[in-house]
Amino acid sequence: MNCKPERGRHERAAGAYGPGRSGRDRGLDRAFPRAISRLKGGRGMSSDRAAASGRSSGTTEEAGVHRQLSGLMNPQSVAVIGASAKAEGWSGAAVPVLRRLGYTGKIFPVNPKYEELNGLPCYPSVSAIPEPVDAALMFVPQRALPDILEDCGRKGVRGAVILASGFSETGEEGRALEERLREVANRNRIAICGPNCLGLANLDSGFMGLTAATFPADLSAGRTALISQSGQLLMVLLARAHDQGVHMRYLVSTGNELNVEAADYASWALQDPQIASVCMALEGLRTPSRFLDLAARARAADKPLIVLKLGRSQRAARTALAHTGKMAGAFRTYEAVFRQANVVSVDDPLELADVAALFEKCPAPRGERISVVTFSGGWSGVMADQAEALGLPMADFTEATVEKLKPLLDFTPPVNPLDLSGNVNNHPERWGASLEAVLADENTDIMVVFIHQVREAWRGNLIGPVLELAKIAEKPIVVVYDGGKVVEAGYEKLAADRSLPIYRGSQQMLKALKRFVDYHRRKAEGPGEAASLEMPAGAAKIVDTLLAQGGRSLSEYAAKEALRAYGLPMVGERLVLTEDEALAAAEGIGFPVVMKGLADGMEHKSDAGLVHLGLSDADAVRAAFADLEGKLSGHTLNGEAAPCIVQKMVKGGVEAILGMQNDPDFGPMILVGVGGVMTELLNDVALRRAPLTAKDAREMIDETRLGKLLAGFRGAPRADRAALEEAILRLSALSVAHAETVESIDINPVLVLPEGEGCVAVDALIIKPEDAA
């Protein structure tokens, strides 16, 4: 709809005040009334990437933008720009919806076509509004937005929801328009939700700037925030969460994240004392450092982040020269970062609500032991099997509890899982008494109540005692209400009560419960103390000198020199160019020895036939050298003749792999796992973000088969685990110190010798960034 301009600079803006893309969903606003004192600047991309692209990160301007976030999330007044009398679109529905949800702030419709809308004065522009305006909902075409945003800046608007699409997601022209919007918004310190989004909502205040085809009937506020980079996924998750009795407090569809990212909304929501958890559906992180800052805030606030990372199968592991790069794929990296930061990672969109229900409705468990109460022997067995498969321990009832339960049972034993049998329906008083006894048991940390197909007349006898117990319980109570549509009324009654987490299946429940107890266990353990190893003098200078050599990678010999500089134990070896040198080296080291050829482009020497093992005498050394001399003919190493190395043949020990991959988002990621020639096939590795703590090193070993192998598997002697842990921490120190000049490190194998004998690295590879070669 085209309208006459109000004045000069608004010739384009005025024409944009019509309904435009009225079919787009929009965001609802009104946040908890406390401003963020500080949120990190940035512009949807990491500072490293911004620098690489030649664009300024604009952190000073954007620090001001983020201080405005309360105006976007908790506005005391809102301008509805492009408001319309047409009820069929969101431009016409926005004002009535705000009123219907009880929004108490001031509402200012803006459209030069009208003098009045919905009984409110309608203004020709934002600057014409005679009172302060906190936020703007923009139902206008994208081309008009820069001028309208300038008008908002002059008015002092703190936040705006831009619903229109057609920006960076469409190509260069759209990207240029988005850049223009970003410049205007940052200069005027306007926090932007969008563009290309469904908007946001604050259900506590009734501020609705979210546009969707359908909403749950009851939009009363809960204790969970839901932030999604996908608008449609946000709405599906909202609906499914409501089905489970989980109501949201804040909803945000972030869209293109012009100058406010998902992590910024989450940081803001964490300040609300009513928030129990923050759920996030993320396709990626524009500025990873802001997410890490968010995770630290969440840990300090004792509130979990529950994250679904999308696109895990589409982004395969990067192709790299080192084994490490092949095994440190993008999603595996995210999982490692989440674990270190105690972020709850879920596998499925619906699992977000499953896990959020536990944090919203349950107290923190004092332990992990589960007790199950049901009236089916079959389901008792199913629950026990499923819990064991997930590593959730079942409680053993105390003798006192057993004695309490005996009079309540006819023929089933007083054991966990507790099967009350079908007779409980004839003796309903036994149900409540059994629940009380199990919940009071000293060994019960969490009680699971399993209700399945029952007659409608019996439903109240089963549900009532559970709800009454929930009012006084100091331990988590979880309900599984399964049986299909014939028992749906009972499920809905429990969900509507909103006092207990309720699930339609035991596997669904137990998986969520595993996330819940793991979070609380890691929280109790804490992140661990920073490692305090002393590094050899001059280590950094030695490595810098070696890295200054030409070529994309360091030779095995040079790589080991670099690692040795930081105190990592390396096998004894010598570099040789002639047969005589090889014989002398073997005699000096002591038979048996290993001989390897070194050449550019032949990093994995075994695959190229450049490794000879177990050379036990001079004749064997001569034969090996002749073979390698032939294979290396015509090859060079850093522009010089390709040499060989002779090293001590180390026998025995547990084979491990240590590595580092410098991730573009999170920096050095340390890898630990089962090593040797089967490394890639077994793919049994753990990852952590450097710098590591001693606790990280211990956990990485135990996450893989290494933990059992080092403990002495099948009669083997216990290996020197402490030496391996120290080597891991030294690799972490090297990786952090040289993060700008090392892309990856591959140490495979590291032989972990019997306890007290240490460990020794047999092979190593260090690769430099492509632009440093």
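Bear in mind these aren't lab numbers, they're just calculated from the coordinates by the rules spelled out. Everything quoted here is computed from the prediction, not taken from an experiment. For neighbour counting, all protein chains shown are included, and Cβ atoms are generated from backbone atoms with ideal geometry for every residue, glycine included.
See the values below:
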| item | result |
| --- | --- |
| Residues in the range 349-382 that a label on GLU283 would reach, taking backbone N under 19 Å of a point 7 Å out along Cα→Cβ | 349-350 |
| Point-to-point label distance, ARG552-HIS604, nm (Cα→Cβ direction, 7 Å offset) | 1.4 nm |
| Straight-distance crosslink candidates among lysines, where the alpha carbon sits under 25 Å from LYS106 and sequence neighbours closer than 8 are dropped | LYS86, LYS155 |
| Mean separation of Cα contacts under 8 Å, 6 or more apart, over the residue count of the chain: relative contact order % | 9 percent |
| Dipole magnitude of the range 362-525, debye to nearest 20 (Cβ charges: Lys/Arg +1, Asp/Glu -1, about Cα centre) | 560 debye |
| Volume per residue that the Cα convex hull of the chain spans, once the total is divided by residue count, Å³ | 182 Å³ |
| When the convex hull of its Cα atoms is projected in every direction, mean area for the range 150-251 (nm²) | 7.1 nm² |
| Selected from GLY653, GLN340, GLY206, residue furthest toward positive end of dipole (the chain; charges at beta carbon) | GLY206 |
| Kirkwood Rh in Å, taken over all unlike Cα pairs in the range 206-285 | 12.9 Å |
| Most positive-pole-ward Cα, ALA276, LEU418, ALA524, against dipole of the chain from beta carbon charges | ALA276 |
| Residue among LEU409, PHE167, GLY715 farthest towards the positive dipole end of the chain, charges placed on Cβ | PHE167 |
| Gain on full stretching of the segment that runs from ARG698 to ARG154 - 0.36 nm per residue minus C-alpha separation | 190.2 nm |
| Stretchable slack from LYS708 to LEU390, in nm (0.36 nm times residue separation minus alpha-carbon distance) | 112.6 nm |
| Semi-axis lengths, Å, the range 654-772, gyration tensor of Cα atoms, sqrt of 5 times eigenvalues | 25, 14, 13 |
| Length added when fully stretched, ASP243-ALA217, from 0.36 nm per residue minus Cα-Cα | 8.3 nm |
| ASP497 paired with PHE411, simple spin-label distance in nm, labels 7 Å along Cα-to-beta-carbon | 3.1 nm |
| Estimated FRET transfer efficiency when R0 is 60 angstrom, pair ALA537-ALA433 (beta carbons, to 0.05) | 0.25 |
| Hydrodynamic radius (Kirkwood) for the range 362-525, which is based on Cα pairs only, to one decimal in Å | 15.8 Å |
| The chain - charge dipole about Cα centre, Lys and Arg +1 at Cβ, Asp and Glu -1, debye rounded to 20 | 2800 debye |
| Cβ-based exposure ranking for ARG67, ARG689, in which fewest neighbours within 10 Å come first | ARG67, ARG689 |
| Cα coordinate range in the range 543-678, projected on the principal axes (Å, largest first) | 51, 36, 27 |
| Normalised contact order of the range 550-671, rounded percent, pairs of Cα under 8 Å and 6 or more residues apart | 30 percent |
| Magnitude of the charge dipole, the range 572-649, Cβ model with Lys/Arg +1 and Asp/Glu -1, debye to 20 | 180 debye |
| Under DSSP loop assignment and at most 12 Cβ neighbours within 10 Å, longest GluC sites (Glu not before Pro)-free interval of the chain | 116-441 |
| All lysines inside 26 Å of LYS708 as judged from Cα atoms, apart from same-chain residues fewer than 8 positions distant | LYS326, LYS511, LYS514, LYS523, LYS651, LYS695 |
